[in-house]
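A.B. asks: Below you'll find the structure I mean.
The values are calculated or read from the model by the stated rules, or taken from the named source; none is laboratory data. In this text the structure is predicted, and so the values were computed from the model without any measurement. No Cβ is skipped: glycine too gets one built from the backbone with ideal geometry, and neighbour counts run over all protein chains shown. For accessibility, only protein heavy atoms count, side chains too; no ligands or nucleic acids. Shrake-Rupley method; radii C 1.70, N 1.55, O 1.52, S 1.80 Å.
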Amino acid sequence: MTWSAAARGAHQPDNTAFTQQRLPAWQPLLSASIALPLFFCAGLAFIGLGLGLFYSSNGIKELEYDYTGTAGTGGCSACALADRGRAPPPPCSCAWHFSLPELFPGPVYLYYELTNFYQNNRRYSVSRDDAQLSGLPSALRHPANECAPYQRRASGLPIAPCGAIANSLFNDSFSLWHQRRAGGPYVEVPLDRTGIAWWTDCHVKFRNPPLVNGSLALAFHGTAPPPNWPRPVYALSPDPNNTGFVNQDFVVWMRTAALPTFRKLYARIRQGNYSAGLPRGSYVVNITYNYPVRAFGGRKLVVLSNISWMGGKNPFLGIAYLAVGSLCILVGFVMLVVYIRYQDQNDEDEDEE
């Protein structure tokens, strides 16, 4: 069986420069005079940027305290021993004392840090119901199957918020106190707990269900809190604008971390006499020890840090730029040596001819 000329022509593309790939094109030929300057310029640019990032990161001041509690170390060790084998652990408190010989420049941020906590685990990271967290009433009563086994209580009541992420909410709390002079009274440093979550999370992804008779508690009627929560979601804060699914601490926790060691923002210090930073003097951080970490071999820290134009302390970024820039310079020198060697050889061959 043969195809007719008309049939063959029906399946052929148009005879245009575009369809027949006859458009003019620029095909650069990278000679040594072009490639070598590119490598050296890129290397110098990366090294310069890396040095700026590295020294900026080193200029950031940090104070951190591991309050996990190890036997015999004092501090929070009594609280750590008290939570062994008990869930939830009994209420306990401890303190971190430190002194500042000079001003700790602001703005100052208070973080908590957890180690060996894999929020990036696939089963853990999908254990949530985004429709429920957006305030949809139907999802409030019928949580998604991904939340199992934290989907419903044994009594059959739906859990709100459901899922393993919400059930493992970090619930330690901190307060900072300052002693201006030796022997004087301690004054509480105001901690700004607002605006610590992403704006899109608080105003787009997370919303409370519609109020019932003006009450958020009635909106959550017929639901139960997660098993590890001592109180329901609508009672997370006395502030009506910071409770329920839009609670700042809850929203920050629900944005899962990519690495097993992570920090999450707890508060900012930028009010009153501490807008410029923490002045010299003695300080104490009172810690309410609730969150158990011994079961998964983790540690927890409280961190005070300021920031620079590049953000928080991150020496890896500067080191990465320095490494890439040095590699570009090295490759450039290797190519230069190879070019000079073979250029001389080509010149000798041309002379012999």
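A.B. asks: Tell me whether the stretch 159-166 contains one or more residues that are open to solvent by 30 Å² or more (accessible area, probe 1.4 Å), assigned by the TED database to the domain that holds Thr243 and assigned to a loop (DSSP other than H, G, I, E, B).
C.D. replies: In the first step, residues of the stretch 159-166 are kept if they are open to solvent by 30 Å² or more (accessible area, probe 1.4 Å); the result is none.
No, that holds for no residue.
A.B. asks: Does any residue in the stretch 275-299 that is modelled with pLDDT of 90 or more come within less than 6 Å, Cβ to Cβ, of a residue that is assigned to a helix (DSSP H, G or I) six or more places away or on a different chain, and which pairs are these?
C.D. replies: Listed by first residue and then by second, the contacts come to Tyr289/Cys79.
A.B. asks: Name the residue, out of Asn213, Asn273, Asn228, Asn241, that is in contact with a Pro (Cβ under 8 Å, 6 or more places away or on another chain), in the same structural domain as Ala164 (by the TED database) and over 19 Å from Ile159 (Cα atoms).
C.D. replies: Working: Asn213 fails: in contact with a Pro (Cβ under 8 Å, 6 or more places away or on another chain); Asn228 fails: over 19 Å from Ile159 (Cα atoms); Asn241 fails: in contact with a Pro (Cβ under 8 Å, 6 or more places away or on another chain).
That would be Asn273, the only listed residue that is in contact with a Pro (Cβ under 8 Å, 6 or more places away or on another chain), in the same structural domain as Ala164 (by the TED database) and over 19 Å from Ile159 (Cα atoms).
A.B. asks: Which numbered condition in (1) at pLDDT 80 or above; (2) polar (S, T, N, Q); (3) open to solvent by 70 Å² or more (accessible area, probe 1.4 Å) is the only one that Ser305 fails?
C.D. replies: Exception for Ser305: condition (3).
A.B. asks: Take the residues in the stretch 86-99 that are open to solvent by less than 70 Å² (accessible area, probe 1.4 Å) and touching a Phe, Trp or Tyr at 6+ places or on another chain (Cβ under 7 Å), then tell me which one is nearest to Thr223 (Cα to Cα).
C.D. replies: Keep residues of the stretch 86-99 that are open to solvent by less than 70 Å² (accessible area, probe 1.4 Å), which gives 89-90, 92, 94-96, 98.
Now restrict to residues that are touching a Phe, Trp or Tyr at 6+ places or on another chain (Cβ under 7 Å): 92, 94, 96, 98.
Values: Cys92: 29, Cys94: 34, Trp96: 38, Phe98: 44 Å.
In this case the residue turns out to be Cys92.
A.B. asks: Which residues, counting only those in the stretch 189-205, are in contact (Cβ under 8 Å) with a residue 40 or more places away in the chain and not basic (Lys, Arg)? So that I can check it myself, show each step before the final result.
C.D. replies: From the stretch 189-205, those in contact (Cβ under 8 Å) with a residue 40 or more places away in the chain are 189-198, 201-202, 205; that's our starting set.
Hits for the stretch 189-205 are Val189, Pro190, Leu191, Asp192, Thr194, Gly195, Ile196, Ala197, Trp198, Asp201, Cys202.
A.B. asks: Oh, and also: Looking for something in a strand (DSSP E or B), without any contact (Cβ under 8 Å) to a residue 40 or more places away in the chain and on the phi < 0 side of the Ramachandran plot - is there at least one such residue anywhere in the stretch 168-188? Reasoning before the result, please.
C.D. replies: Initially, the stretch 168-188 is screened for residues in a strand (DSSP E or B), giving 173-179, 186-188.
With without any contact (Cβ under 8 Å) to a residue 40 or more places away in the chain added as a condition, the list becomes 187-188.
Okay, now just the ones that are also on the phi < 0 side of the Ramachandran plot, so 187-188.
Checked the stretch 168-188: at least one residue is in a strand (DSSP E or B), without any contact (Cβ under 8 Å) to a residue 40 or more places away in the chain and on the phi < 0 side of the Ramachandran plot.
A.B. asks: Could you list all residues from the stretch 113-131 that are in contact (Cβ under 8 Å) with a residue 40 or more places away in the chain and crowded, with 21+ Cβ neighbours inside 10 Å?
C.D. replies: Once the filter is applied, which keeps residues that are in contact (Cβ under 8 Å) with a residue 40 or more places away in the chain and crowded, with 21+ Cβ neighbours inside 10 Å, the stretch 113-131 yields Leu114, Phe117, Arg128.
A.B. asks: Here is a further query. Do the conditions hold for Ala80, that is, is it open to solvent by 20 Å² or more (accessible area, probe 1.4 Å), assigned by the TED database to the domain that holds Gln151 and at pLDDT below 90? Let's see the steps before the verdict.
C.D. replies: Working: open to solvent by 20 Å² or more (accessible area, probe 1.4 Å): no; assigned by the TED database to the domain that holds Gln151: yes; at pLDDT below 90: yes.
No; evaluated as a whole, the condition is false for this residue.
A.B. asks: To continue, here is another question. Which of the residues that make up the stretch 263-278 are farther than 16 Å from Asn171 by Cα and not in a loop (DSSP other than H, G, I, E, B)?
C.D. replies: Applying the first criterion (farther than 16 Å from Asn171 by Cα) to the stretch 263-278 yields 268-278.
Within the stretch 263-278, Arg268, Ile269, Gly272, Asn273, Tyr274, Gly277, Leu278 qualify.
A.B. asks: Related question: Quick one: is Leu317 outside the structural domain of Asp129 (by the TED database), over 28 Å from the mean Cα position of the chain (by Cα) and not in a loop (DSSP other than H, G, I, E, B)?
C.D. replies: Working: outside the structural domain of Asp129 (by the TED database): yes; over 28 Å from the mean Cα position of the chain (by Cα): no; not in a loop (DSSP other than H, G, I, E, B): yes.
Criteria not met by Leu317.
A.B. asks: Need the failing condition index for His203 against (1) at pLDDT 90 or above; (2) outside any loop (DSSP other than H, G, I, E, B); (3) surrounded by fewer than 16 Cβ atoms within 10 Å (Cβ to Cβ), just the number.
C.D. replies: For His203, the exception is condition (1).
A.B. asks: On the given criteria, is Arg263 closer than 14 Å to Leu110 by Cβ and either open to solvent by 10 Å² or more (accessible area, probe 1.4 Å) or free of Cβ contacts under 8 Å to residues at least 60 places away in the same chain (or both)? So that I can check it myself, show each step before the final result.
C.D. replies: Numbers: closer than 14 Å to Leu110 by Cβ: yes; either open to solvent by 10 Å² or more (accessible area, probe 1.4 Å) or free of Cβ contacts under 8 Å to residues at least 60 places away in the same chain (or both): yes.
Taking the combined requirement at face value, the residue satisfies it.
A.B. asks: If only one of Val284, Val331 is more than 17 Å from the chain's Cα centre (by Cα), surrounded by 15 or more Cβ atoms within 10 Å (Cβ to Cβ) and outside the structural domain of Asn208 (by the TED database), which one is it? Reasoning before the result, please.
C.D. replies: Details: Val284 fails: outside the structural domain of Asn208 (by the TED database).
After applying the criteria, what remains is Val331.
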